[in-house]
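Read the structure below first, then the notes.
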Amino acid sequence: MHLLFWCAWININVGIFNAIPMVPLDGGYILKEGVERLFERKGLSKYALPVVSFISSLMLVMLISIIFLPYFLHG
């Protein structure tokens, strides 16, 4: 019973991690398509890639901060 719980727990966490909007992950590709379609409607297609890159970079910085910032703050 514990094995089934941990398999489900790992599977859910991998799915959540994969949904993070960073370009190498699936969430990033969903974000990229959404931003491209939104900007295409408004005639701003050339700005889609910089916006996606900025959001992906911001998410990466936030993820690294969440992981490492507590170690730096508490010594």
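Looking across segment 49-75, just one residue is of a type in the set (Gly, Ala, Ser) and surrounded by fewer than 10 Cβ atoms within 10 Å (Cβ to Cβ), and that is GLY75. Inspect segment 36-48 for any residue being exposed (fewer than 10 other Cβ atoms within 10 Å of the Cβ), within 26 Å of ILE16 (Cβ to Cβ) and not hydrophobic (A, V, I, L, M, F, W, C) and give the result as yes or no. Taking every residue of segment 36-48 in turn, none turns out to be exposed (fewer than 10 other Cβ atoms within 10 Å of the Cβ), within 26 Å of ILE16 (Cβ to Cβ) and not hydrophobic (A, V, I, L, M, F, W, C).
The numbers here are math on the coordinates, done by the rules we state, and not lab data. Everything numeric in this text was worked out from a predicted model, so none of it was measured. Quick reminder, even Gly has a Cβ in these numbers, built from the backbone with ideal geometry, and neighbours come from all protein chains shown.
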